[in-house]
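To start, the structure itself, in structure tokens.
The values are calculated or read from the model by the stated rules, or taken from the named source; none is laboratory data. Since the structure is predicted, the reported quantities are computational estimates derived from the model, not experimental observations. Cβ: placed from backbone, ideal geometry, glycine included. Neighbour counts: every protein chain shown. Keep in mind that these areas ignore ligands, DNA and RNA; they rest on the heavy atoms of the full protein, side chains included. Shrake-Rupley method; radii C 1.70, N 1.55, O 1.52, S 1.80 Å.
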Amino acid sequence: MTNTLYDALLLPHQGREKTFLTLKDGRTITYDAFLRIAARFANAMTKLGIGSGDRVAVQVKKSPEALAVYAACLGSGAIFLPLNTAYTPAEVEYFVTDAEAKLLICDGSSAEALKPVANKAGALLLTLNADGSGSFAELAEGMPQILSPAPRGPHDLAAFLYTSGTTGRSKGAMLTHDNLLSNAEALAKAWRFTSSDVLLHALPIFHTHGLFVATNTILLAGASMVFLPGLDLDDLVAWMPQATTMMGVPTFYTRLLSDARLDRDLTRHMRLFISGSAPLLAETHRDFEARTGHRILERYGMTETNMNISNPYEGERRAGTVGLPLPGISVRICDPESGAEVPAGEIGVIEIKGRNVFKGYWRMPEKTAQEFRPDGYFISGDLATKDADGYVTIVGRAKDLIISGGYNIYPKEIELLLDEQPGVLESAIIGVDHPDLGEGVVGVVVAKAGVRLEETILLAGIAGSLARFKQPRRIFIADELPRNTMGKVQKAMLRERYATTFMSS
Ligand code: MLC
Ligand code: AMP
């Protein structure tokens, strides 16, 4: 019996004494030890009655055990549903209910708040803390350390990753074993990962970047990771000499550049720096090269497709571009309305087809159908041009989306909450330049007649319902919102008006 991803990513490492993870405190975990934890976790899930196709929602802090839950889901056949640790219980409730998760694993500190959520959704609630303790870990303690993986084929689902929508309602992107394996294979090859590599891993593991792009590629190559809890410059500087590669969102690179310790000497041992999830300014690319001699390799991807376009490992890494389609993945730039390919140099929407492209949105067949062309290409919503050499440059977004520090924020979700606040007539959420996060969230609100609104009260009013990173950093009160003749709010005008909001932060 086979299990596509488990067989490719995990099984080959059984009994292997090589270090898989090195932690911030220097502690190491071998591949064999990691697989034994994953086996205990998978056997615990099976004992709980969780089987193939059942959803396991996970909102836990980054740790080796947290990663082992992902491996355990693959092994037990369950569908892994990772959740941002910043999500509020109200946000978690939507995901757990929508996915009909059978099990919700959370940090001990949020168990009390999530109990009613789990009860309401009919999910079992267990805990897993950053130090590996918790009720889930206890349950797994005496379980066999060897696993017979549940049979899972290439087209079976491995994970649900929720991405927000322009309607404000999050959609569960269904990713299959083959989506993830084909992408790990493409990336390991394109970026030349081997078992000698050590990846500096400071990203969260609840999104595509830190989870699939980083972890699956490392597992496939049999390489190692320095597994840090988050982005801390002292940690990065301390561990970089032990690493060969790093993956980060652009904020990683701008913060490193703001640190005088970043120089050629510090990065001497590194062979590759990769950036993605948000636009890397050409200026950042150039400054980084001037300081370190390394040309950052920028790539482009999405939750729905994993990675699809990348600058080359060998060959020219062009600043300001995301490079060329990865082998085996078809990319075209099309007119958003007609779907016809546009000539080189003209702006169109990026469309993608390949084994990497997801199976659809969970229980949203109509939404899924809207985002695919009849010939199977997925419409990304990102606007780009392709030059005569095939290099793709992202120039904007057809979707109303803000990317702040690599996190996607959908204005609609925030606008709906603001509109519900007492005294609010209407609102608009925009992203404007932010020196650290790329884009920062700004709200513009119009009061009902005779009402005086206050920024602090509005912010407090939405705080409980929205993860902190989505909350506007500023809310401005305006007399009206600029609209075009169709009555549509002209966000470009608002972005211009509030462009300098974060210039001095
Ligand atoms: C943290 N905060 C943010 C934020 N991250 N606010 C806006 N945007 C963000 N991205 C807020 C916190 O709520 C807190 O607010 C304050 O900033 C400090 O929190 P922190 O946790 O100490 O922040 P920090 O460690 O500095 O985190 C910043 C960051 C992090 C950029 C390192 O956000 C990060 O790791 N981003 C990576 C996201 C990622 O992995 N994206 C990939 C998605 S996959 P306060 O007010 O309470 O102090 C994808 C596909 C692809 O896009 O192509 O890869
Ligand atoms: P997510 O839905 O979180 O997977 O985010 C995917 C989105 O991130 C894409 O649709 C792009 O808008 C953006 N993105 C990813 N990589 C890049 C990049 N290198 N440059 C610009 N935008 C990017």
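Values for this structure:
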item: Some residue of segment 91-103 being in a loop (DSSP other than H, G, I, E, B), under 22 Å from Arg169 (Cα atoms), of a type in the set (Gly, Ala, Ser) and open to solvent by less than 30 Å² (accessible area, probe 1.4 Å); result: yes
item: One residue from Leu175, Leu139, Leu181 being within 28 Å of Trp362 (Cβ to Cβ) and open to solvent by 20 Å² or more (accessible area, probe 1.4 Å); result: Leu139
item: Residue that is surrounded by the fewest Cβ atoms within 10 Å (Cβ to Cβ) [pool: residues in segment 202-212 that are more than 6 Å from ligand 1 (Cβ to nearest atom) and in a helix (DSSP H, G or I)]; result: Leu211
item: Residue in segment 245-260 that is most open to solvent (accessible area, probe 1.4 Å), counting only those that are within 9 Å of ligand 1 (Cβ to nearest atom) and either among the aromatic types (Phe, Trp, Tyr) or over 19 Å from the mean Cα position of the chain (by Cα) (or both); result: Arg255
item: Residues that are among the acidic types (Asp, Glu) and either within 24 Å of the chain's Cα centre (by Cα) or within 11 Å of ligand 1 (Cβ to nearest atom) (or both), drawn from segment 284-319; result: Glu298, Glu304
item: Some residue of segment 187-194 being modelled with pLDDT of 95 or more and touching an Asp or Glu at 6+ places or on another chain (Cβ under 7 Å); result: no
item: Residue check for Pro144: in contact with an Asp or Glu (Cβ under 6 Å, 6 or more places away or on another chain), at pLDDT 95 or above and outside any strand (DSSP E or B); result: no
item: Residue that is most open to solvent (accessible area, probe 1.4 Å) [pool: residues in segment 15-52 that are small (Gly, Ala, Ser) and under 20 Å from Phe136 (Cβ atoms)]; result: Ser52
item: Extreme residue, nearest to ligand 1 (Cβ to nearest atom), among residues of segment 372-402 that are touching a Phe, Trp or Tyr at 6+ places or on another chain (Cβ under 8 Å) and open to solvent by 30 Å² or more (accessible area, probe 1.4 Å); result: Ile394
item: Exclusive hit being over 20 Å from Lys470 (Cβ atoms) and either within 16 Å of ligand 1 (Cβ to nearest atom) or in contact with a helix residue (DSSP H, G or I) (Cβ under 8 Å, 6 or more places away or on another chain) (or both), set Gly405, Gly423, Gly450, Gly360; result: Gly360
item: All positions within segment 220-239 that are under 23 Å from the mean Cα position of the chain (by Cα) and either within 12 Å of Thr267 (Cβ to Cβ) or among the charged types (D, E, K, R) (or both); result: Asp232, Asp235, Leu236
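Table: residues versus (1) in a loop (DSSP other than H, G, I, E, B); (2) under 23 Å from Tyr6 (Cβ atoms).
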{"position": "Pro154", "(1), (2)": "yes, yes"}
{"position": "Leu161", "(1), (2)": "no, yes"}
{"position": "Ala173", "(1), (2)": "no, yes"}
{"position": "Leu187", "(1), (2)": "no, yes"}
{"position": "Leu200", "(1), (2)": "no, no"}
{"position": "Asn216", "(1), (2)": "no, yes"}
{"position": "Leu219", "(1), (2)": "no, yes"}
{"position": "Met225", "(1), (2)": "no, yes"}
{"position": "Ala238", "(1), (2)": "no, no"}
